[in-house]
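Chemist: Pasting in a structure now, in structure tokens, and then I'll have a few things to ask.
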Ligand SMILES: Nc1ncnc2c1ncn2[C@@H]1O[C@H](COP(=O)(O)OP(=O)(O)OP(=O)(O)O)[C@@H](O)[C@H]1O
Ligand SMILES: [Mg+2]
């Protein structure tokens, strides 16, 4: 990881502090406007929790950041680099978006591991084939990462033979293997049985503690309050309120946020 | 040994089927070898057409999709025997026209190449549909994950989509292979000396119809059985990582 860091070009001082900057992001599916002008900045080392009711646009916002959804309009800047967009919001420079995506690692609600590959093969896939890391080096690193998420003995197992919690931890190892500058989590624990949630949250908590930049969509309010340093509340495609966890959870101003918080806790 | 065959009245058959003349066994095996060459070639061509066809149908523009719809519909609607006659005569006609236009003479169309072309086009239509269904059965999340890590589209196809769809495609593709081996028999109508034509010739010159057609049937059966074994292994490989329905371990 440290060696990989050393190869990335030294960022210039001010812009480098902004890991992700989203400006006036709009997204419609047909007639349905799901995001109505969202702006958000995450600095290096920030852990931003995104909360909100079902259908409020949390996933859409997160997925727009790496262009898994094509925004309708807006500006997205990743690590100081503005993503070039066509007028219709689709990325206009395929190379650029592919390069940027390698720095944004996504962890999905449904894990989305490649089922025909073992955990080890899952973890080395992107480093070896996309980032062209020498295979031996990638394998060594993959073993370290699997060890770190508590799956050191499962390297040669296929995902289908693992519990949801184990699969999600493997997905986190896969994301870490690209040494991402930002990690995007979309409800990483919502598909898990209650007794498996804890093991995944422990891994994410560790990552937060070591200063990783993360955007985290979650329904785990206690967890958000504990690990995030910034909380964003989305309501029907707009940011209704944002601030430090103490402010948002301890002293919510908007009526809707108050209602939301009382409904989920 | 000879005594046993004699007593069963099979001595004559054994003689007829012996590999060296005056036996016709060598001819039959040569026919089989031609049949297999064509089946292999046509199958491979069909898979390539099928892969492009499937991707074209799923991700192509409107014109591409319409053309592919016409292709798969027409090929699957018209009886194969008719298609073979059409494709064979149209194909050789076009080649001769081109040759004449360039000032050349009549071209003798190579039988194996013509067979591969004709059956390959037929196989391609079925392969397109099999592979299209298989690609659609791949969980979209797996393709999305590849995309989210910056994997380019072609690499995603090669590293994620194709391996993941294999388990859905293999049973259909195994069927298609067996059809390919048997469809080669239809090429007899255009005078190509594959197994069926060789058999018919041997049978009519010796009047031993039963012996030769039984032998040919046996050869087709052997091909089918061997293919079954090979495809069982391929399927097992394609299904790696998927717990079997019967339970048990990897
Ligand atoms: N591909 C799509 N096509 C059409 N509508 C969509 C699509 N994806 C999402 N939507 C709609 O956009 C809205 C926001 O969806 P989104 O998934 O972003 O919500 P969410 O905040 O993540 O909700 P949840 O907590 O249930 O995951 C919903 O009304 C949803 O129906
Ligand atoms: Mg969601």
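Chemist: For residue A:264 and residue A:205, FRET efficiency with R0 = 22 Å and r from the beta-carbon atoms, rounded to 0.05?
Modeler: 0.65
Chemist: A follow-up question, please. Calculate the length of the line joining the C-alpha centroid of the stretch A:31-81 to that of the stretch B:167-229, in whole Å.
Modeler: 61
Chemist: Same structure again: Please list the equivalent ellipsoid semi-axes of the stretch B:26-238, computed as the square roots of five times the alpha-carbon gyration tensor eigenvalues, in descending order and whole angstrom.
Modeler: 36, 24, 13
Chemist: So if R0 is 30 Å, what FRET efficiency would residue A:191 and residue B:136 give, r being the distance between their Cβ atoms, rounded to the nearest 0.05? Please list the in-between numbers first.
Modeler: On the way: r = 23 Å, r/R0 = 0.76.
The value I calculate is 0.85.
Chemist: Can you give the angle from 0 to 90° between the axis of helix B:209-238 and the longest principal axis of chain B, with both taken from C-alpha atoms, to the nearest 10?
Modeler: Relative to chain B, helix B:209-238 is tipped by roughly 20 degrees.
Chemist: Classify the stretch B:155-229: rounded, prolate or oblate, from the alpha-carbon gyration tensor (a ≥ b ≥ c, eigenvalue square roots; a/c under 1.5 rounded; otherwise prolate if a/b is larger than b/c)? Walk me through the intermediate numbers first.
Modeler: Numbers: a/c = 5.37, a/b = 2.69, b/c = 2.00.
Prolate.
Chemist: Using the Kirkwood radius over C-alpha pairs as Rh, can you work out the diffusion coefficient of the stretch B:120-250 via Stokes-Einstein at 20 °C, viscosity 1.002 mPa s, in µm² per second?
Modeler: On the way: Rh = 17.8 Å.
Value of D from the Cα-based Kirkwood radius: 120 µm²/s.
Chemist: For residue A:160, put the label point 7 Å out on the Cα→Cβ axis and report which residues of the stretch A:171-203 keep their amide N under 19 Å from it.
Modeler: A:171
Chemist: State the Cα centre-to-centre distance between the stretch A:149-183 and the stretch A:197-211 in whole Å.
Modeler: 13
Chemist: With everything on Cα atoms, drop me the angle between helix B:80-101 and the longest principal axis of chain B, reported from 0 to 90° to the nearest 10.
Modeler: 90
Chemist: Ranked from highest to lowest mean number of other Cβ atoms within 10 Å per residue, what is the order of the peptides A:62-75, B:206-219?
Modeler: Per-residue mean Cβ counts within 10 Å order the peptides as A:62-75, B:206-219.
Chemist: What FRET efficiency would be calculated for the residue pair residue A:244, residue A:75, taking the C-beta separation as r and a Förster radius of 22 Å, to the nearest 0.05?
Modeler: It comes to 0.30.
Chemist: For the stretch B:1-152, what does the alpha-carbon gyration tensor say about shape, rounded, prolate or oblate, given a ≥ b ≥ c as the root eigenvalues, a/c under 1.5 as rounded, and a/b over b/c as prolate? Can you show the working numbers first?
Modeler: On the way: a/c = 3.09, a/b = 1.64, b/c = 1.88.
Judged from the Cα gyration tensor, the stretch B:1-152 comes out oblate (a/c at least 1.5, b/c at or above a/b).
Chemist: Please work out the C-alpha center-to-center distance from the stretch B:17-77 to the stretch B:94-131 and express it in whole Å.
Modeler: The two parts, judged by their Cα centres, are 11 Å apart.
Chemist: Scaled to the compact-protein estimate 2.2 N^0.38 Å, what is the alpha-carbon radius of gyration of chain A, rounded to two decimal places?
Modeler: Normalised Cα radius of gyration, chain A: 1.00.
Chemist: Based on the Cα coordinates of the protein assembly as shown, what is the per residue volume of their convex hull in Å³?
Modeler: 227
Chemist: If you don't mind, another one. Work out the mean other chain Cβ neighbour count within 10 Å for the residues of A:90-100 and drop it here as an integer. Mind showing how you got there, number by number?
Modeler: Values: counts 0, 0, 0, 0, 2, 2, 0, 2, 7, 1, 1.
If you average over the peptide's residues, the count of other-chain Cβ atoms is 1.
Chemist: How far apart, in nanometres, would the label points at residue B:178 and residue B:101 be if each is projected 7 angstrom from Cα along the Cα-to-Cβ direction?
Modeler: Taking the simple label geometry, residue B:178 and residue B:101 are separated by 4.3 nm.
Chemist: Just grab the label-to-label distance for residue B:110 and residue B:58, each label 7 Å out from Cα along the Cβ direction, in nm (one decimal).
Modeler: 3.3
Chemist: Which order do B:147, B:236, B:182, B:62 fall in if you start with the one that has the fewest other Cβ atoms within 10 Å?
Modeler: Going from least to most buried by this count: B:62, B:236, B:182, B:147.
Bear in mind that the values in this text are calculations on the coordinates, not laboratory data. As the structure is a prediction and not an experimental result, all values here were calculated from the model. Backbone-built Cβ (ideal geometry, glycine too); neighbour counts: all protein chains shown.
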